[in-house]
Each structure stands twice: as structure tokens, then as C-alpha cells.
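Below is one structure, written out as C-alpha cells, with a few remarks after it.
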Amino acid sequence: MSDHETVPAAVEHEDEIPLDHPRYTDLVTRHRIERGVEKGITHLQGMHAEGRGSAFDYLLGEETTETADEAERAAAAHLLSADQPVLSINGNVAALVPGEMVELAAEVDADLEINLFNRTPERIGAIESHLREHGATAVKGLEADARIPNLDHERSKVDAEGIYSADVVLVPLEDGDRAEALEAMGKTEIVIDLNPLSRSPQVADVPVVDNIVRAIPNMTAHARALQDASEAELEGIIDAFDRERALEAAESRIRNGL
């Protein structure tokens, strides 16, 4: 029996996907996005975004590269040294890594904030409930009482005590124009994006070119390992990170398999 025949035609739960399937991670992420749409967490457009990311992940070998791991360690150092770190959550992030985001937030003492392009009270409520089901005790972005300057669409709406006043923001699966607007506000941005040529990682202080289902647990593991690090040690990790090298290495891997 071939590998694809071992996966049920209609997967009700990701446990039905064999762990040894060669495309296990891809099948799991697709399943989670589909379930996110059904639950009203993820917008249909999120399925297209996930498809694009899946193609880049395939070209990256569907593994965390050495430079991606370096970026994830630098991201952890930034979050630990921040005065007010915030983790931004959109529909795809909520569907793919809800518990993982809650765990990372606890490890680095960060706030969780919902931020959506297709923003409705129903989606906000569904995502908040979903995050609380996965262990979140507080979620920002429900009222969104502040605005990111020079950004017109719904993703400009942020929490005044969250992203608006944060010094370090993790913005996974981010829109390029919002990433640029946050940069203009002087935020330190950590972006997770599988396309190193996208605007979001191009403007990020820490571009993490990796699948979010690997990147967030890796950041948490690095943060846990760095809990006792001094400010000087954290600053050393931050200063040693070479964002241009990370982007160039990711592009080389995609183009040449190197």
C-alpha cells in the first residue's frame, strides 16, 4: 500500500495521519487550516496563504535549517530582553499553533493579541475562545482601541496596551504593508515567513524562514534554555545574529538546495 493510501479520504482528526508519512507536517497543517475554516477561526483566504507557504517549505526540505534555528534563538533572546513583548495572532496562527503560542507567551512573559485582516466580532470571539481552550488566560485585541499609523485596512486596529505600545512584536505570517508600518513605528519585529523574498521578512529585524509549526516550539525551547542568561548574554546573541545572512541562506536553499 502506498503512503497516500494510508491517509483516510476524510480526516476527522490529525491523529489519523500516520506519523511516518513523508508529508506528515504538510498534511497536518492542511488539516488544521481546514478545521480552522470550519470553526470560523480561519478565513478562506488563509487556505491560499497556507498553500503558498507549503510550496516554499517543500523547497526548503521541510526542515528547520541552521540559519533558521539561529534566527529562532535570536528571536527568543529579543523576547526575553523586551520590556513589553507581544505575540500577534491571526486566523492561520490560531488554527496552526494555538497551544504553542500560549506556551511561548508564558515562557517569555508576553501578551497574546488577536489581529485580523478580515475582522468580525464572530471571528474575534471564536479565536479568543480557541486560545482559551488551549490554555490562554488573557487575550488582547478584542476591542482594538488604537490604530497603526499609515495603514487603512482592519489590521491597523490594535490594542493600545498591546501591539501599539509593545517594543518587541512577534508577527507570524504577516502582511507586508503591516510589517512596514510596524517598522516605521520603531518596533523590533520578529517575522515568521517561508518566503525570504516577501516584504515581511525583508523588513524584519529577525526574519525566521521556517514553518510556524516548527518555529514556535523551537523559540520556546530556546527561551527555556536562556531563562538564566544575563542581559549581556542576551544582547550578545541579538548582536551576533546576521539577518542578511539568514535571508541569503534561505534563498540559496530554495533556489539551489544548498
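The values are calculated or read from the model by the stated rules, or taken from the named source; none is laboratory data. Just so it is clear, the model here is predicted, and its values are computed rather than measured. With ideal geometry, Cβ positions are generated from the backbone for all residues, glycine too; neighbour counts draw on all protein chains shown. SASA here: full protein model, heavy atoms, side chains in, ligands and nucleic acids out. Shrake-Rupley method; radii C 1.70, N 1.55, O 1.52, S 1.80 Å.
For (1) over 17 Å from the mean Cα position of the chain (by Cα); (2) free of Cβ contacts under 8 Å to residues at least 40 places away in the same chain, each residue gets a yes or a no:
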{"position": "Asp159", "(1), (2)": "yes, no"}
{"position": "Arg199", "(1), (2)": "no, yes"}
{"position": "Asp228", "(1), (2)": "yes, yes"}
{"position": "Arg255", "(1), (2)": "yes, yes"}
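Looking only at region 156-175, which residues are over 19 Å from Glu72 (Cβ atoms) and open to solvent by 10 Å² or more (accessible area, probe 1.4 Å)? Residues satisfying the conditions are Lys157, Asp159, Ala160, Glu161, Tyr164, Ser165, Asp167, Asp175.
The set of residues in region 232-258 that are crowded, with 17+ Cβ neighbours inside 10 Å and either in contact with a Gly (Cβ under 8 Å, 6 or more places away or on another chain) or not in a helix (DSSP H, G or I) (or both) comprises Phe241, Arg253.
Does Arg178 satisfy the criteria of being in contact (Cβ under 8 Å) with a residue 12 or more places away in the chain and outside any loop (DSSP other than H, G, I, E, B)? Please lay out each step first, then the result.
Working: in contact (Cβ under 8 Å) with a residue 12 or more places away in the chain: yes; outside any loop (DSSP other than H, G, I, E, B): yes.
Yes; evaluated as a whole, the condition is true for this residue.
In this structure, does Ala146 turn out to be farther than 26 Å from Arg35 by Cα, open to solvent by less than 40 Å² (accessible area, probe 1.4 Å) and touching a residue at least 60 places away in the same chain (Cβ under 8 Å)? Here the answer is no, as Ala146 does not meet what is asked.
Is it fair to say Ala229 is aliphatic (A, V, I, L, M), more than 17 Å from Thr65 (Cα to Cα) and assigned to a helix (DSSP H, G or I)?
Details: aliphatic (A, V, I, L, M): yes; more than 17 Å from Thr65 (Cα to Cα): yes; assigned to a helix (DSSP H, G or I): no.
For Ala229, the condition - aliphatic (A, V, I, L, M), more than 17 Å from Thr65 (Cα to Cα) and assigned to a helix (DSSP H, G or I) - is not met.
The set of residues from region 87-135 being open to solvent by 10 Å² or more (accessible area, probe 1.4 Å), in a loop (DSSP other than H, G, I, E, B) and either out of contact with any Asp or Glu (no Cβ under 8 Å at 6 or more places or on another chain) or within 16 Å of Ile212 (Cα to Cα) (or both) comprises Asn90, Asp109, Ala110, Thr120, His134.
Sub-8 Å Cβ pairs linking a first residue in region 81-106 that is farther than 13 Å from Ile127 by Cα to a second residue that is surrounded by fewer than 24 Cβ atoms within 10 Å (Cβ to Cβ) and among the hydroxyl-bearing types (Ser, Thr, Tyr), at least 6 apart or interchain, are Ala82/Thr188; Gln84/Ser165; Glu100/Thr220; Glu103/Thr220; Leu104/Thr220, ordered by first then second residue. In region 118-143, the residues that are in contact (Cβ under 8 Å) with a residue 24 or more places away in the chain and at positive phi form Cβ pairs under 7 Å with partners that are open to solvent by less than 20 Å² (accessible area, probe 1.4 Å) and assigned to a loop (DSSP other than H, G, I, E, B), at six or more places apart or across chains, as follows: Gly141/Asn115; Gly141/Gly162. Can you find a residue that is in contact (Cβ under 8 Å) with a residue 60 or more places away in the chain, surrounded by fewer than 20 Cβ atoms within 10 Å (Cβ to Cβ) and charged (D, E, K, R) anywhere in region 207-223? So far as region 207-223 goes, no, none of its residues is in contact (Cβ under 8 Å) with a residue 60 or more places away in the chain, surrounded by fewer than 20 Cβ atoms within 10 Å (Cβ to Cβ) and charged (D, E, K, R).
Tell me, which residue of region 192-206 that is out of contact with any strand residue (DSSP E or B) (no Cβ under 6 Å at 6 or more places or on another chain) and assigned to a loop (DSSP other than H, G, I, E, B) is surrounded by the most Cβ atoms within 10 Å (Cβ to Cβ)?
Taking region 192-206 as the starting set, the residues that turn out to be out of contact with any strand residue (DSSP E or B) (no Cβ under 6 Å at 6 or more places or on another chain) are 193-199, 202-203.
Applying the additional criterion that residues be assigned to a loop (DSSP other than H, G, I, E, B) yields 193-198.
Working: Asp193: 27, Leu194: 25, Asn195: 19, Pro196: 22, Leu197: 13, Ser198: 20.
Step by step, filter region 192-206, then rank; the result is Asp193.
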